[in-house]
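Peer 1: Take a look at the following structure, please.
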């Protein structure tokens, strides 16, 4: 099973978009799947269902940060690399999907019962969000393989 298939399996099993992305990279992050799932549990629906940055995108940001992020005082190069990779990811995700903003991507207000019902009734999570999870994983794989040189 490849990473995007794994992510979509988790997503279709009821995990949020951020969880589905990050868990598919747990092996190269050297963390167990439970830790990955717990770490990303509050990032679905655009972070706590606030519909800001798409959860698939924030899941990818967490992977980039874990793999290349600054963790030592004075390591400003790591900070710059991380920011560059996140900006590159965001640009490519937007080119493919039109936005990195959850509300813009799904066109429903998830913070009202009516909006949530409409979103579920129209199957936006199945139709749209699966594509966002898949494209996030594929873009992240490309960035990791080309720029981070981790396989």
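Peer 1: Which one is farthest from residue 103 (Cα to Cα) among residues in region 12-27 that are outside any loop (DSSP other than H, G, I, E, B) and free of Cβ contacts under 8 Å to residues at least 60 places away in the same chain?
Peer 2: Once the filter is applied, the top-ranked residue is 27.
Peer 1: Can you find a residue that is within 22 Å of residue 4 (Cβ to Cβ), out of contact with any helix residue (DSSP H, G or I) (no Cβ under 6 Å at 6 or more places or on another chain) and modelled with pLDDT of 95 or more anywhere in region 44-55?
Peer 2: Yes, some residue in region 44-55 is within 22 Å of residue 4 (Cβ to Cβ), out of contact with any helix residue (DSSP H, G or I) (no Cβ under 6 Å at 6 or more places or on another chain) and modelled with pLDDT of 95 or more.
Peer 1: Right, here's the next one. Go through region 56-151 and tell me which helices (runs of 4 or more DSSP H), entirely inside it, have 3 or more residues that are touching a helix residue (DSSP H, G or I) at 6+ places or on another chain (Cβ under 6 Å).
Peer 2: Per the criteria, 76-97, 130-143.
Peer 1: Could you grab me the full set of residues in region 28-52 that are in a helix (DSSP H, G or I) and surrounded by 15 or more Cβ atoms within 10 Å (Cβ to Cβ)?
Peer 2: Of everything in region 28-52, those that are in a helix (DSSP H, G or I) and surrounded by 15 or more Cβ atoms within 10 Å (Cβ to Cβ) turn out to be 28, 29, 33, 36, 37, 39.
The values are calculated or read from the model by the stated rules, or taken from the named source; none is laboratory data. Predicted, not measured: the structure shown is a model, and the values here were computed from it. No Cβ is skipped: glycine too gets one built from the backbone with ideal geometry, and neighbour counts run over all protein chains shown.
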